[in-house]
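The block underneath contains the structure these notes are about, expressed in structure tokens.
The values are calculated or read from the model by the stated rules, or taken from the named source; none is laboratory data. None of these values were measured; they are calculated from a predicted model. Cβ placement follows ideal geometry from the backbone for every residue including glycine, while neighbour counts extend to all protein chains displayed. We work out accessible area using only protein heavy atoms, side chains counted, and drop any ligands, DNA or RNA first. Shrake-Rupley method; radii C 1.70, N 1.55, O 1.52, S 1.80 Å.
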Amino acid sequence: MIRGERLAILRGLPKVDLHRHLEGAMRLDTLLELGRKRGVDMPLDSPESLGGVVCYNEGEPRSLAHFLGKFHDVWYASYADVERVAAEAVYDAAEEGVVHLELRFSPEHFCRKTSLKPLEVMRAVASRARAAGEEMGIGARLLITFARERQDFDAWKAIVDRAAEMADEGVAGVDLAGDEFGHPNEEFVRIFQRVADTGSLRATVHAGEGTSAAQVASAVERLHAQRIGHGVQAIDDEAVVSLLVRRGVALEICPISNHQTGCVHDLQDHPLPALDRLGVRVTLNSDDPAIHRSTINDEYDVAITRWAYGLADLERLEMNAVEAAFLDEDETEALRDRVRRGYQESRGQGLS
Ligand code: HPA
Ligand code: ZN
């Protein structure tokens with residue numbers, strides 16, 4: 001089967017994306033328009049010229065540091081701009097066949113070089129993302145990202161406290177992202193204790209993306225992470241793998257991102273299949289689709305073409321994501337039914 005046919009079938013499958021950054025999911029056309037409006041110093045001649053800077057391009061260095069340099073914070077001038085990119089990210093996910101999206105964002109990212117305020121950004125993103133999800137008939141939840149480099153703990157405490165009050169607006173938990181080489185988990189124990197103490201906010205932590213299995217273990221044990229962003233280095237330590245299995249901690253794996261950041265050298269040798277065989281709850285996610293120039297369906301295509309995964313394997317990964325979603329029991333049950341039904345309907349369409 002040719003790639004285009006596979007992608008069309010994959011698009012029709014009901015997918016759960018637990019790991020997508022709003023900052024990395026913005027349309028190039030929109031960035032171009034917002035950049036021109038603000039007169040930012042970027043190559044704004046065309047989507048192609050802008051993409052040369054803000055997207056990952058073939059031949060560029062494969063390193064986490066290079067990749068993190070792609071996140072520019074110069075686009076937004078108003079809450080309306082923030083609302084617009086939030087809505088578009090949800091529309092685009094729905095277009096890819098995502099039925100439950102957990103969209104993460106750093107309120108502080110949208111405030112740099114602007115007069116916007118983090119708590120107001122949270123309100124703007126949550127209200128528009130939720131409304132866009134309802135419009136498209138998909139579930140949308142928000143996760144608040146803290147960047148390891150920032151460490152503005154007073155601001156973070158206020159954000160955690162507000163996030164805990166925003167469950168009805170779709171805010172389900174928090175995330176830790178950024179440079180895990182320079183800023184290990186130990187620096188964030190107190191703020192993540194505050195998250196756990198809310199009793200309602202869930203936690204996911206980017207860990208063991210490029211560093212080590214030990215950082216995966218400490219994210220679970222010291223930061224109370226219920227899921228791990230990437231966590232691919234866990235494969236190096238049997239004890240960490242058993243910790244993940246025992247606690248049912250899901251790994252939010254984003255293969256194309258792992259390849260572009262150099263955390264995995266060859267997609268063929270990605271640790272996902274091995275972790276899957278060992279019983280770890282592995283899931284497929286998109287990370288920063290606009291930067292990677294990919295969609296969630298490309299991630300599933302990697303599973304098919306590189307690891308010889310079939311429809312039953314994809315369904316298993318999808319069910320892992322359903323069980324790991326930051327939803328309450330009734331919502332999980334409804335999502336489980338929706339995904340099962342979608343897979344049943346897809347049988348006989350060409351994927352085996
Ligand atoms: N790692 C760390 N921080 C990030 C990433 C990532 O893959 N994507 C966006 N922020
Ligand atoms: Zn990420």
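Tabulated values for the structure
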item	result
Odd one out for Tyr343, checked against (1) open to solvent by less than 40 Å² (accessible area, probe 1.4 Å); (2) in a helix (DSSP H, G or I); (3) within 30 Å of Gly69 (Cα to Cα)	(3)
Any hit, region 80-88, residues being modelled with pLDDT of 95 or more, open to solvent by 60 Å² or more (accessible area, probe 1.4 Å), of a type outside the set (D, E, K, R) and farther than 28 Å from Cys263 by Cβ	yes
Candidate set from region 162-185 (those that are buried (at least 16 other Cβ atoms within 10 Å of the Cβ) and small (Gly, Ala, Ser)); member that is farthest from ligand 1 (Cβ to nearest atom)	Ala164
Residue match in region 327-340 (condition: more than 16 Å from ligand 2 (Cβ to nearest atom), under 24 Å from Gly208 (Cα atoms) and modelled with pLDDT of 95 or more)	no
Exclusive hit being open to solvent by 40 Å² or more (accessible area, probe 1.4 Å) and touching a Phe, Trp or Tyr at 6+ places or on another chain (Cβ under 6 Å), set Arg202, Arg123	Arg202
Residue, farthest from the chain's Cα centre (by Cα), within region 213-258, restricted to residues that are more than 22 Å from His183 (Cα to Cα), more than 16 Å from ligand 2 (Cβ to nearest atom) and in contact (Cβ under 8 Å) with a residue 12 or more places away in the chain	Ala239
Residue tally, condition under 18 Å from Ala325 (Cα atoms) and surrounded by fewer than 24 Cβ atoms within 10 Å (Cβ to Cβ), over region 224-245	3
Count of residues meeting criterion [assigned to a helix (DSSP H, G or I), in contact with a Gly (Cβ under 9 Å, 6 or more places away or on another chain) and within 13 Å of ligand 2 (Cβ to nearest atom)] in region 259-289	1
Test result for Gly133, touching a residue at least 12 places away in the same chain (Cβ under 8 Å), small (Gly, Ala, Ser) and either surrounded by fewer than 21 Cβ atoms within 10 Å (Cβ to Cβ) or touching a His at 6+ places or on another chain (Cβ under 6 Å) (or both)	no
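This table checks each residue for (1) surrounded by fewer than 18 Cβ atoms within 10 Å (Cβ to Cβ); (2) among the basic types (Lys, Arg).
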position	(1), (2)
Leu119	yes, no
Leu143	no, no
Asp152	yes, no
Val160	no, no
Glu187	yes, no
Ala217	no, no
Arg222	yes, yes
